[in-house]
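Right, one structure below, let's go through it.
The values are calculated or read from the model by the stated rules, or taken from the named source; none is laboratory data. The structure presented is a predicted model; accordingly, all values stated were derived computationally and were not measured. Virtual Cβ from ideal backbone geometry, glycine too; neighbours counted across all protein chains shown. What goes into the accessible areas is simple: the full protein's heavy atoms, side chains included, and nothing from ligands, DNA or RNA. Shrake-Rupley method; radii C 1.70, N 1.55, O 1.52, S 1.80 Å.
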Amino acid sequence: MFINRATFLVCFFSSFMFFAQTTNWEIVEAMGRGINLGNTLSAPVEGNWAPIVHEQYFIDLAEAGFSNVRIPADFFGSRTNGQTSVWSTLANTADQYDGGVEDFTVSPVYLDRVENIIDWSLNQGLYTVLDFHGAELKTEFLETFNSANSSYTHPTSAKRAADLMKFESIWTQIAYRFVDHPLELIFEVVNEPYFELNDVEMDLINLMIIDAIRSTGGNNSTRQIIITGGGSNSYQAPSTIGDEVLNHDSNLIASFHYYIPFNFTASSQEQYNDFNWGTNADKSSVDSHFDFVKSWSETNNIPVTLGEFAADNESGYNYNTGLYGNSGGPVSADRIEYHRYVAEQAIDRGFSFSAWCAGNKSTKTIHLRTDNPETSNMYAGVWVEEVKDALLSDGTWPICYGPYNDDIIRNPDFECGISSQWNFSVLGSAEASITETNDVVFSGLMAAKIDVATAQGYNKVLLSNVIYDGDLSNKTLIIGCYAKSDTENISFKMRIKSLVDGDLIFVPSEVLELSNTYQYYQFEYVVPDLTENVRLQIMTGAFEGSYFLDAFDVQIVDTSLNSPDHNLPFLFALYPNPTSSKINVKSEKSISRLRIFDTLGRLVLKTIQTENINIEKFTPGIYSVELMFLDGSFATKKIIKY
């Protein structure tokens, strides 16, 4: 993870490293705040649902301060030649399909129009998302995956094979058309598939389209592709994307849409009638949902964009006709606050966003589409100013943003906050809370403070880091941290929770007594054979009071150094290794002398001892031990002093 996008830190024996910016994370940050050009190219015919777009639209966005635009566009219907309806919808007929991508042709006139619009956008310096989106996409393709629909086709049918081929063909032609366009152009595989497709189906389509785009070469080899999952909508959609997709390509961005609570955001419709929003509970729901997405993003190391969100116009107002709706709609101040708060929380978590706006005639209006000279609105102006300003007003891009290294301890110094990579849990009858503190820190700007109001047992108040599933064979972990308390006579423990050969194992440290100044504490954990994963946990539930934690680190030492050296014609071993104080030597041959050298080659110890050799005062690090035997031969071995 990188901090402030300019700071890079590499520490020997540190568990945490900051990465330089990687392309997809950098682009999501640069995308920032944006708007959807809704109901324009996604209509069956441009102009049917919203005014035909003109270049001035993109000038308006750039001048207002937006940095991205999402362009929903449909390519089904009359825009692509080639039918699939001739093929059987019945099961086990897929082998009858003998067509190919060449059977379908996207209208070159339509592609010219799409390219012209995209070029207008790019010329204004806007990151531009081309989103496959529309009513005919739904009826001809997406709805055929849902068995509840009359248009359903069986997964093993010839028509399903033909439909997939058509979708792939369209995307391949789009990709070839834009193969040389700059990387500020971003492709989005498909809009809201999760209402019709399950997660497995969507994974297969994602993989198919990613490969189709990449196969065209040029800038498409590394162009960002926005994906989502199937089966679950709204903020849960990214979490259904399979690992095979996430690991398939390094230039992916995950997307979700947010219209919760629908009873408010769609309240201009008769069946929805909550016209107010903005209570603490309302905002807590947004916080919880967005934290879920952020946690998923951090766990899977993929950036996120909020592709759509909005609330209906004030009291159902139509900005084109000047008339209010018959069923009411959001209170104006609450509509404004909804846009402001959702935008703020997205930016605060490192999500770019594109607010939904479907034009002057729609139920969700932000830009009044006066870019088209023929537009005649009863409401004057270019924007719904209060909503536009709300989208641009608040939110700060997070200090810690970007991919984490695959570390045993992430965010070890809490500089990214107490909720990033750490999970706090209170069990049983214990009562406790966790906060960030910048007044009582060991180093940096932030530390964690745990206040235990009701104690029950060490393991009833837990601060847990991420699950690490890397290879730790023949390894010992030496976990360290700085801790203190302003409460007398309290202590804590560290613990490793691990999955070993299918069984959960909990190994705690000894009791670690706290003082009123920061002290360094260590816990050594020998990783058992067949360990599948490990997780660091801090246990503070045994005593009431305040606990301050900061600056965790981990040393990973190779315990195979303890094993006899089978490369020699005889056996000898140094133990314990690593060690904090003393070492011993055992050998099949008689030893006449032992010398220890530091990494600079300086002699730091010479002795004839072979047991309880005291190196307690050595600086932590790696040393070479040279043994001279009575027969005049030599051997060397490394030791680690911690």
## Note on the structure
For MET202, MET446, the accessible-area ranking with a 1.4 Å probe, largest leading, is MET446, MET202
### Task
With 10 Å bins from zero, work out the P(r) of region 430-517 over every alpha carbon pair and list the percent per bin.
13, 42, 32, 13, 1
### Task
Would you kindly calculate the mean projected area, averaged across all directions, of the convex hull enclosing the Cα atoms of region 372-512, in square nanometres?
16.2
### Query
From the phi of every residue in region 247-259, what ³J(HN,Hα) in whole Hz does the Karplus formula 6.51 cos²θ - 1.76 cosθ + 1.60 yield, where θ is phi - 60° and glycine or proline is x?
8, 7, 8, 9, 10, 10, 10, 8, 10, 9, 10, 9, 10
### Task
Set the Förster radius R0 to 56 Å, insert the Cβ-Cβ distance between SER592 and SER433 as r into 1/(1 + (r/R0)^6), and round the FRET efficiency to 0.05.
0.35
### Query
Once you put a point 7 Å from the Cα of GLN96 and another 7 Å from the Cα of PHE262, both along the Cβ direction, what distance in nm separates them?
3.7
### Task
Report, in debye and to the nearest 20, how large the dipole of region 253-314 comes out about its Cα centre when Lys and Arg carry +1 and Asp and Glu carry -1 on their Cβ.
220
### Query
What is the antiparallel percent of DSSP beta bridges lying wholly in the chain, to the nearest 5?
75
#### Entry: Spatial extent of region 99-210: Rg and Dmax, with the Cα atoms as the point set, Å
15.1, 46
### Query
Got a sec? Charge dipole of region 150-257, +1 on Cβ for Lys and Arg, -1 for Asp and Glu; which of PHE167, GLN224, LEU185 is way out at the positive end?
PHE167
### Query
Taking a quarter of the surface of the convex hull around the Cα atoms of region 270-312, what do you get in nm²?
4.1
### Task
Quickly work out the MET378-to-ALA333 label distance, labels modelled 7 Å from Cα along the C-beta direction, and quote it in nm with one decimal.
2.6
### Task
Given the peptides 601-614, 79-92, arrange them by the average over their residues of other C-beta atoms within 10 Å, most packed first.
79-92, 601-614
### Query
Percent of accessible area on region 318-470 owned by carbon and sulfur, 1.4 Å probe?
48
### Task
Compute the length gained on full extension between ALA453 and SER78: take 0.36 nm times their separation in residues and subtract their Cα-Cα distance, giving the result in nm to one decimal.
128.3 nm
### Query
Which of the listed residues, VAL114, THR156, PHE66, is farthest toward the dipole's positive end in region 66-210, when Lys, Arg count +1 and Asp, Glu count -1 at the beta-carbon?
VAL114
### Task
Measure off, as a whole percent, the carbon and sulfur share of the 1.4 Å-probe accessible area of region 196-269, all protein chains present.
47
### Task
Take the eigenvalues of the Cα gyration tensor for region 276-420, scale each by 5, and report the square roots as semi-axes in whole Å, largest first.
36, 16, 11
### Task
Taking only protein heavy atoms into account and a 1.4 Å probe, give the accessible area per residue of the chain in Å².
42
### Query
In the neighborhood of THR265, defined by Cβ-to-Cβ distances under 12 Å, what is the net charge if each Lys or Arg adds +1 and each Asp or Glu adds -1?
-3
### Message
Along each principal axis of its Cα atoms, how long is the chain end to end? Whole angstroms, biggest number first, please.
### Response
98, 60, 45
### Message
What does the charge count around ASN233 come to, taking other residues whose C-beta lies under 13 Å from its C-beta (Lys +1, Arg +1, Asp -1, Glu -1)?
### Response
-4
### Task
Using packing as a proxy for protection, rank 107-114, 399-406 so that the peptide with the highest average count of other Cβ atoms within 10 Å comes first.
399-406, 107-114
### Message
Treating only the Cβ of Lys, Arg, Asp and Glu as charged (+1, +1, -1, -1), what charge dipole size does region 239-378 show about its Cα centre? Round to the nearest 20 debye.
### Response
320
#### Entry: 25 Å Cα-Cα threshold exceeded, pairs from LYS283/LYS361; LYS475/LYS497; LYS283/LYS460; LYS166/LYS364
LYS283/LYS361; LYS283/LYS460; LYS166/LYS364
### Message
Which log10 I(q)/I(0) values does region 216-269 give at q = 0.22, 0.24, 0.29 Å⁻¹ under the Debye formula, counting every alpha carbon as one identical point scatterer?
### Response
-0.85, -0.92, -1.10
#### Entry: Rounded percent of accessible protein surface that carbon and sulfur make up, region 141-186, 1.4 Å probe
52
### Summary
Treating only Lys and Arg (+1) and Asp and Glu (-1) as charged, each at its beta carbon, one finds that the chain has a dipole about its Cα centre, in Debye to the nearest 20, of 2000
### THR610 versus LYS638: modelled label distance in nm, points set 7 Å from Cα along the beta carbon direction
2.6
### Message
Just want the answer: with Cβ charges of +1 for Lys and Arg and -1 for Asp and Glu, which residue in THR370, TYR259, ASN318 is farthest toward the dipole's positive end in region 246-377?
### Response
THR370
### Task
Output the peptides 431-439, 546-554, 294-302 sorted from most to least packed, where packing is the average of other Cβ atoms within 10 Å over each peptide's residues.
546-554, 294-302, 431-439
